[in-house]
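This report refers to the structure that appears directly beneath it.
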Amino acid sequence: MIQPPLSTRRRLMPALRMLFCLLAALASVCPAALRADEGLEFFETNVRPLLVEHCQKCHGAKKQEAGLRLDSPQAALAGGDSGPAFVPGKPDESLLIAAVRYSDDVQMPPSGKLKDKQIEALTHWVRLGAPWPASPEPAGDNLAEKQQRHWAFQPIGDPVPPEVKDAAWEQTPVDRFILARLEAEGLAPSPPADRRTLIRRATVDLTGLPPTSEEVEAFVNDPAPDAYAKLIDRLLDSPHYGEQWARHWLDVARYSDTKGYIYAREQRVWVHAPAYRDWVVQAFNRDLPYDQFLLLQIAADQAAPDDASARAAMGFLTIGRRFLGVTHDIIDDRIDVLTRGTMGLTVACARCHDHKYDPIPTTDYYSLYGVFLNSTEQLAPAGEPAVRNEDYAAFEKGLDERQQKLRDATLAKRNEAADRVRQRVTDYLVAQTELSKYPEEGFDQILAPTDIIPTFVRRWEAWLSLPARAEDPAFLPWRRFAALKADEFAARSSDLLRELNEQQATVNPRVLAALSPPPSSMREVAERYGKLLSTVEQEWKAACEAAKQAGAAAPEKLEAPESEALRQVLYGTGSPCLVPDEAIVSIESYFHTAGLTELWKLQNEVDRWLIDSPLAPPYAVALVDRELIRPARVFRRGNPANRGADVERH
């Protein structure tokens, strides 16, 4: 065996680490890779599901064809009319294995032969001695137990290399593990490859391209003892090395130049796809450490906020299907690529239910969901232009003009939307008492200017639930009344209002006045708040008009502090009436359907200008924190209309 020197092997580590992660994920479901002491975990993961799905309907507690039960180890060993179901350690003598192999005597299950990997799982389980927990229920239902047992969460160990017979074959400690397994199976290592084979293998593996005839002859005729090491160094220095190994990672990252199925109004090609692709290639070619490779793709906005080129790495999260703009599905895709790509775990299943065999509850899924829910996309340059000349100046001017048109139109639409919410503030507050009427966004929603916009309803919900509202003099009463149960509201309303009046120093006096006499329901509380805010809105418009008529500067606030505090609810930073200042893809659900066409047309002009121009610098789409943080809640069975417990973001 010829090996490159240690310094060269270290340069291969990013690619090797990624490959080992993929192999480890495969090993987790490969029976031959498991040790006997992992038998119970193997049974729970690979065998019990087969018995439940394919066997126990006819061989369970309710029904025992041929007198055989396969729902407990005792019953299976006791057997039926033809004897025990299996002989531990001897699959070739076991009735169960003969049946699933479809022998001449018996063929089970009758509905159709199991897949080869399922038959192999059963065979390996019997070979291990048919380990089966004494409990009839699946082992490890406790999450802490599952975490302790799960293969992926075990601490990194330092195993002692096994003893081998042919110690001379070993060149690294890893070789002893390989050789020990070969010797256990009665096999010998393959002979060393000849030089022509070796250069072809190395070149194809590292660059994805075959060697030229000149390269082959040069290597074959090189007498130097370090010829192979020099070959590997040359291949690692080739830009094709990064291209070849980036291709593997881009598959993991579900990379595509396009967005998948979208509405015709949206540009189908990603602006930032080339920048992300090139960043991955360069990461391999410059030997970026694997931990940094992952960190920047997940959180470059936090880990390297001043590095424009690092923004391109976040294409890992932002290049994915658009699902016609449905937020829940976009976030699910991002959770899936993050967890499967970096951990080899299908966490996305927990969107609807706790994992049965892995320690992943739905609360973990929605904690991560909350992180993505409160992140918004941000398009920004990810590098400098290749040249700065007259042609680039013309390109930049054209880009500025298109971006300014988009900004102006978006601001106008945002202001129009905010005005409509202020005009119907009572309706939006009443909506908080009947949230089930306002479904989460969907691709099939068509909204008119006169409709209550569900996204604004949810924005009000998030704003009202912020911890700051509990101490807000204007909305402390709202929180207190909202805490009353419907069946006790009328009886307790008077006492609560009296308590609030005793706390006048901490409650907005205009709110106290609006809530007198005591309201009889939460809906009435909402109506009175809405009427009060509408009155404040009229006062503000009257003050602005009066200043205009007098030729004076527009007022900056209302004079009375209690009135200005209420005006801030309608106009202040983070107001629930405002559309966030974000990219259209993140805020389109705030607008009525017809109003989106103009904005998407202008956005497409910007995107197309960047995509078509060879002078455009690389652009990235990063994820950054939103201004208003919305609470995350579990969606029971994955249904956003069926909300469960609140969860913290983590």
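Go through the range 517-589 and tell me which helices (runs of 4 or more DSSP H), entirely inside it, have 3 or more residues that are of a type in the set (Val, Ile, Thr). Can you show your working first?
Working: elements: 522-549, 561-571, 584-587.
Because the criterion is at least 3 residues that are of a type in the set (Val, Ile, Thr), the helices (runs of 4 or more DSSP H) in the range 517-589 that meet it are 522-549, 584-587.
Determine the pairs where a residue that is over 12 Å from Val87 (Cβ atoms) and assigned to a loop (DSSP other than H, G, I, E, B), located within the range 120-134, has a partner that is among the charged types (D, E, K, R) and modelled with pLDDT of 90 or more with Cβ atoms under 7 Å apart, the partner being 6 or more residues away or on another chain.
No pair meets every condition.
Report, by residue number, each residue of the range 367-390 that is more than 29 Å from Arg626 (Cβ to Cβ) and β-branched (Val, Ile, Thr).
Scanning the range 367-390 gives a single hit, Val387.
Working carefully through the options Ala134, Ala99, find the one that is among the hydrophobic types (A, V, I, L, M, F, W, C), modelled with pLDDT under 85 and over 32 Å from the mean Cα position of the chain (by Cα). Talk me through it step by step, then tell me what you get.
Values: Ala99 fails: modelled with pLDDT under 85.
Of Ala134, Ala99, the one residue that is among the hydrophobic types (A, V, I, L, M, F, W, C), modelled with pLDDT under 85 and over 32 Å from the mean Cα position of the chain (by Cα) is Ala134.
Out of all the residues in the range 286-302, which are assigned to a helix (DSSP H, G or I) and loosely packed, with under 14 Cβ neighbours inside 10 Å?
Step one: of the range 286-302, the residues assigned to a helix (DSSP H, G or I) are 290-302.
Across the range 286-302, the qualifying residues are Asp291, Gln302.
Being open to solvent by 30 Å² or more (accessible area, probe 1.4 Å) and assigned to a helix (DSSP H, G or I) is the filter here; which residues of the range 203-221 pass it? So that I can check it myself, show each step before the final result.
Taking the range 203-221 first, the residues open to solvent by 30 Å² or more (accessible area, probe 1.4 Å) are 204-205, 208-210, 212-215, 217-218, 220-221.
Listed by number, the residues that qualify are Val204, Asp205, Ser213, Glu214, Glu215, Glu217, Ala218, Val220.
Listed here are the residues, each with its yes/no results for (1) under 30 Å from Ala594 (Cβ atoms); (2) assigned to a helix (DSSP H, G or I); (3) among the basic types (Lys, Arg).
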site	(1), (2), (3)
Pro449	yes, no, no
Ile452	yes, no, no
Ala468	no, yes, no
Leu484	no, no, no
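Those residues that are of a type in the set (D, E, K, R) and touching a strand residue (DSSP E or B) at 6+ places or on another chain (Cβ under 8 Å), I need them from the range 70-123; list them, please. Reasoning before the result, please.
The first filter runs over the range 70-123 and keeps only residues of a type in the set (D, E, K, R), leaving 71, 81, 90, 92-93, 101, 104-105, 113, 115-117, 120.
Hit for the range 70-123 is Asp71, nothing else.
Conditions tested, residue by residue: (1) open to solvent by 40 Å² or more (accessible area, probe 1.4 Å); (2) under 45 Å from the mean Cα position of the chain (by Cα); (3) closer than 30 Å to Arg492 by Cα; (4) not acidic (Asp, Glu).
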site: Ala547; (1), (2), (3), (4): no, no, no, yes
site: Asp581; (1), (2), (3), (4): yes, yes, no, no
site: Ile584; (1), (2), (3), (4): no, yes, no, yes
site: Tyr590; (1), (2), (3), (4): no, yes, no, yes
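Under 7 Å by Cβ, and 6 or more places apart or on different chains, what pairs join a residue from the range 149-165 that is open to solvent by less than 80 Å² (accessible area, probe 1.4 Å) and at pLDDT below 80 with one that is outside any loop (DSSP other than H, G, I, E, B) and not hydroxyl-bearing (Ser, Thr, Tyr)?
Taking only residues 6 or more apart or on different chains, the pairs are Ala152/Met343.
List the helices (runs of 4 or more DSSP H) that sit entirely inside the range 310-414 and contain at least 3 residues that are in contact (Cβ under 8 Å) with a residue 24 or more places away in the chain, surrounded by 19 or more Cβ atoms within 10 Å (Cβ to Cβ) and of a type in the set (A, V, I, L, M, F, W, C). Explain how you work it out, then say what you get.
Numbers: elements: 315-318, 327-343, 362-373.
It comes to 327-343, 362-373.
Can we say Ala474 is under 15 Å from Val525 (Cα atoms), out of contact with any Lys or Arg (no Cβ under 6 Å at 6 or more places or on another chain) and either of a type in the set (A, V, I, L, M) or open to solvent by 60 Å² or more (accessible area, probe 1.4 Å) (or both)?
Details: under 15 Å from Val525 (Cα atoms): yes; out of contact with any Lys or Arg (no Cβ under 6 Å at 6 or more places or on another chain): yes; either of a type in the set (A, V, I, L, M) or open to solvent by 60 Å² or more (accessible area, probe 1.4 Å) (or both): yes.
Against the criterion (under 15 Å from Val525 (Cα atoms), out of contact with any Lys or Arg (no Cβ under 6 Å at 6 or more places or on another chain) and either of a type in the set (A, V, I, L, M) or open to solvent by 60 Å² or more (accessible area, probe 1.4 Å) (or both)), Ala474 qualifies.
Can you pull out every residue in the range 170-228 that is of a type in the set (S, T, N, Q), modelled with pLDDT of 95 or more and within 42 Å of the chain's Cα centre (by Cα)? Show your work before the answer.
Looking only at the range 170-228, we keep the residues that are of a type in the set (S, T, N, Q), and these are 171-172, 190, 197, 203, 207, 212-213, 221.
Keeping just the survivors that are modelled with pLDDT of 95 or more gives 197, 203, 207, 212-213, 221.
Selection gives Thr203, Thr207.
Could you please find all residues in the range 222-276 being assigned to a helix (DSSP H, G or I), without any contact (Cβ under 8 Å) to a residue 40 or more places away in the chain and not aliphatic (A, V, I, L, M)? Walk me through how you get there before you give the answer.
Of the residues in the range 222-276, the ones assigned to a helix (DSSP H, G or I) are 227-237, 239-252, 273-276.
If we keep only those that are without any contact (Cβ under 8 Å) to a residue 40 or more places away in the chain too, we end up with 227, 230-231, 234-235, 237, 240, 243-244, 246-247, 250-251.
If the condition is that a residue be assigned to a helix (DSSP H, G or I), without any contact (Cβ under 8 Å) to a residue 40 or more places away in the chain and not aliphatic (A, V, I, L, M), then Lys230, Arg234, Asp237, His240, Glu243, Gln244, Arg247, Asp251 are the ones that fit.
Please tell me if Asn389 is out of contact with any helix residue (DSSP H, G or I) (no Cβ under 9 Å at 6 or more places or on another chain) and within 27 Å of Gly644 (Cβ to Cβ).
Working: out of contact with any helix residue (DSSP H, G or I) (no Cβ under 9 Å at 6 or more places or on another chain): yes; within 27 Å of Gly644 (Cβ to Cβ): no.
For Asn389, the condition - out of contact with any helix residue (DSSP H, G or I) (no Cβ under 9 Å at 6 or more places or on another chain) and within 27 Å of Gly644 (Cβ to Cβ) - is not met.
Yes or no: Gln107 in contact (Cβ under 8 Å) with a residue 60 or more places away in the chain and within 18 Å of Lys57 (Cβ to Cβ)? Quick ask: steps written out before the conclusion?
On the way: in contact (Cβ under 8 Å) with a residue 60 or more places away in the chain: no; within 18 Å of Lys57 (Cβ to Cβ): yes.
No.
The values are calculated or read from the model by the stated rules, or taken from the named source; none is laboratory data. Treat the numbers as computed from the prediction; the structure is a model and nothing was measured. Quick reminder, even Gly has a Cβ in these numbers, built from the backbone with ideal geometry, and neighbours come from all protein chains shown. Note: accessible area is taken over every heavy atom of the protein model, side chains too, but ligands, DNA and RNA are not part of it. Shrake-Rupley method; radii C 1.70, N 1.55, O 1.52, S 1.80 Å.
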